[in-house]
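Down below is the structure, laid out as structure tokens.
Every read-out reported here was derived from the displayed coordinates using simple, explicitly stated rules and does not represent laboratory data. These figures come from a predicted structure and were not determined experimentally. Note that we place each Cβ from the backbone using ideal geometry, even for glycine, and neighbour counts take in every protein chain shown.
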Amino acid sequence: MFKLKAPDGTNNICGKRIKELRLGMDLSQRRLAVKLQLLGYDVDNFFIRRVENGERFITDIELQMFSRVFNVPVNELFPASHART
């Protein structure tokens, strides 16, 4: 069965960038989860860990929520090699 994977074998290409943005805001995974919860998206710190480690696929809705929390356009969640200008 065919499985979609990023070139590095992970399930998403945004996790590392999300981690960079989180650390840049000096947020723990738990605090980021709380910020997402305040926007109405029920997640926990384990969700954040799985996203950042590339263990979990990310939906377009989740990308939108991350972009709102970080106050950046969605394309800023992608690594520079994948982002379109």
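Rg then Dmax, both in Å and based on the Cα atoms of the chain: 12.4, 40.
How much FRET efficiency would the formula 1/(1 + (r/R0)^6) give for LEU39 and ASN75, where r is the Cβ-Cβ distance and R0 is 22 Å, rounded to 0.05? Write out the running numbers ahead of the final one.
On the way: r = 19 Å, r/R0 = 0.88.
It comes to 0.70.
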